[in-house]
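Structure record follows, encoded as structure tokens.
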Amino acid sequence: MNGGSGTARFLGRIWFRALRQEGPPLPPGACLILLNHPNGLLDPLAAAALLDRKAGWLAKATLWKILPLRPFLSAFRAIPVTRPKDGGATRESILGSFHEVHEVLARGGSVAMFPEGVSHTEADLAPLKTGAARIALSSPVPLSLVPAGLVYGDRGTFRHSALLRLGAPIPFGDLAGQGTSPEAIAELTARIRAALRPLTLHEADARCLALAQEVAWLLAEAPGTRVDLEALRLRVRALAPRLGALSAETFAALEARVHGAQAWLRAKGLRPDQVGHPYPAAEVRRWLPGAALRLASAVLLLSPGLLFWPPYRLAGWLAGRFTDEGDQVATLKLLSGALLFPLWALLLAGAAGFAWGWRMALVPLAALLAIGLGLPILERAAEDLQAVRGFLRRRDPAVPELLEARRQLLEAFPELGG
């Protein structure tokens with residue numbers, strides 16, 4: 001199979017502009033796939049859309065209380081687990097969830113879960129729960145324990161990119177003879193954490209991690225929606241320990257320079273990859289015909305876009321109104337959009353049909369389809385406008401200074417140039 005469930009692939013194509021998987025393929029046979037959890041329900045969506053086989057998902061039982069989620073839980077073959085923090089958890093209920101997982105594994109299937117047990121925006125991985133280790137050590141059949149890291153271009157924003165980075169299976173054969181002893185569970189949980197962190201953008205030192213990510217973004221060679229997230233992850237992983245070893249004075253000076261560069265880019269409305277780009281005449285001539293066609297097409301899509309602007313804005317407002325947690329924003333946008341857009345289309349279709357006949361009722365539905373199919377054109381047109389801004393700013397007096405700062409940065413940290 002070329003991905004997760006059909007539902008995940010469909011929703012993934014709508015929400016994400018780019019989905020990418022890196023790392024070794026999943027081993028054959030039973031697999032327990034362990035992921036970090038930085039972005040709510042977008043995490044199983046992105047992972048299921050990218051995994052090369054169907055997988056069941058362990059999910060907290062409280063999600064079944066949210067009626068709009070039940071169809072998604074069914075489509076994702078979710079297995080409910082009652083957490084002690086939610087109340088009602090008993091040894092029997094937890095063992096029952098483990099039994100369901102073991103049944104899937106016994107059939108040679110795969111199950112994915114989030115050993116942190118909670119979605120969050122913290123810099124480091126949350127303390128891991130012991131469920132993954134208990135499931136693996138009590139499995140009636142041999143299985144592969146596969147770590148997987150999720151990285152997002154901008155996790156709260158519609159039409160950005162996501163990366164799923166698979167790691168090598170975690171060895172635990174030496175612990176199998178100990179069963180589910182506390183010592184074996186603690187050791188395997190520690191191995192899971194050690195295997196997960198390098199695949200993600202997590203680090204214990206929040207300030208160091210933040211600066212590493214800011215530097216990595218400044219060196220990005222593409223728009224934020226299409227940046228190479230694997231290259232970004234590698235840069236952050238390489239840079240974080242180097243930054244952590246700097247003296248406090250050197251770190252603060254570098255931090256100030258990076259923040260200054262970011263402030264200048266925001267003020268000028270430029271992306272980092274546009275600074276210093278020469279915009280040679282031959283390149284501009286090749287770009288112009290396609291850009292003109294895309295911008296003309298974007299103008300044609302403006303009318304249907306305006307028709308569905310109200311539900312788009314409402315979905316964003318609802319997300320901002322009901323949560324201030326960064327890991328839940330995208331989830332609320334996705335769920336409210338999945339509800340509001342079809343309802344709005346049906347409302348417009350009913351109004352048009354009542355006023356002008358049934359043929360006109362098809363117009364709003366056709367407009368919604370045109371927007372969906374035209375999203376790539378609109379995105380490329382937005383990049384064309386950004387390219388025009390970069391061209392106009394190419395001779396800004398501050399550009400040489402920023403290029404020199406970049407050169408010094410690459411000289412100080414040569415691993416970032418790879």
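The values are calculated or read from the model by the stated rules, or taken from the named source; none is laboratory data. Since the structure is predicted, the reported quantities are computational estimates derived from the model, not experimental observations. Counting neighbours? That spans all protein chains shown, and the Cβs are built from the backbone with ideal geometry, glycine included.
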Q. Considering only region 370-415, how many residues are more than 31 Å from the chain's Cα centre (by Cα) and over 30 Å from residue 236 (Cβ atoms)?
A. 3
Q: Answer yes or no: is there a residue in region 309-324 that is touching a helix residue (DSSP H, G or I) at 6+ places or on another chain (Cβ under 9 Å), of a type in the set (S, T, N, Q) and in contact (Cβ under 8 Å) with a residue 24 or more places away in the chain.
A: no
Q: Go over the candidates 53, 70, 91 one by one and state the one that is more than 25 Å from the chain's Cα centre (by Cα) and basic (Lys, Arg).
A: 91
Q: Output yes when any residue across region 171-179 is among the small types (Gly, Ala, Ser) and either at pLDDT 95 or above or touching a strand residue (DSSP E or B) at 6+ places or on another chain (Cβ under 9 Å) (or both), and no when none is.
A: no
**Q.** Residue that is modelled with the lowest pLDDT [pool: residues in region 92-110 that are among the aliphatic types (A, V, I, L, M) and surrounded by 15 or more Cβ atoms within 10 Å (Cβ to Cβ)]
**A.** 94
Q) Which residues, counting only those in region 166-207, are crowded, with 21+ Cβ neighbours inside 10 Å and touching a Gly at 6+ places or on another chain (Cβ under 6 Å)? A) 166, 199, 200
Q) For the subset of region 153-173 comprising residues that are in contact with a helix residue (DSSP H, G or I) (Cβ under 7 Å, 6 or more places away or on another chain) and assigned to a loop (DSSP other than H, G, I, E, B), which member is farthest from residue 374 (Cα to Cα)? A) 172
Q.
Of everything in region 73-88, what is surrounded by fewer than 19 Cβ atoms within 10 Å (Cβ to Cβ) and either within 27 Å of the chain's Cα centre (by Cα) or under 17 Å from residue 35 (Cβ atoms) (or both)? Give them in sequence order.
A. 73, 74, 75, 77, 80, 82, 83, 85, 86
Q) Does residue 155 qualify as being under 29 Å from the mean Cα position of the chain (by Cα), within 30 Å of residue 376 (Cα to Cα) and surrounded by 18 or more Cβ atoms within 10 Å (Cβ to Cβ)? A) yes
Q. In region 225-268, which residues are among the basic types (Lys, Arg) and in contact (Cβ under 8 Å) with a residue 12 or more places away in the chain?
A. 226, 233, 235, 237, 242, 257, 268
(Q) If I filter region 121-151 down to residues being among the hydroxyl-bearing types (Ser, Thr, Tyr) and without any contact (Cβ under 8 Å) to a residue 60 or more places away in the chain, which single residue comes out as farthest from residue 331 (Cα to Cα)? (A) 138
(Q) Can you list residue pairs whose Cβ atoms sit under 7 Å apart, with the first residue in region 165-185 being under 30 Å from residue 237 (Cβ atoms) and the second being exposed (fewer than 13 other Cβ atoms within 10 Å of the Cβ)? Count only pairs 6 or more apart in sequence or on different chains. (A) 166/24; 168/24
Q | Members of region 107-137 found to be within 18 Å of the chain's Cα centre (by Cα) and closer than 21 Å to residue 171 by Cβ, listed by number | A | 112, 113, 115, 125
**Q.** Criterion (in the same structural domain as residue 222 (by TED's automatic domain parsing) and either modelled with pLDDT of 95 or more or surrounded by fewer than 16 Cβ atoms within 10 Å (Cβ to Cβ) (or both)) met by exactly one of 412, 349, 355
**A.** 412
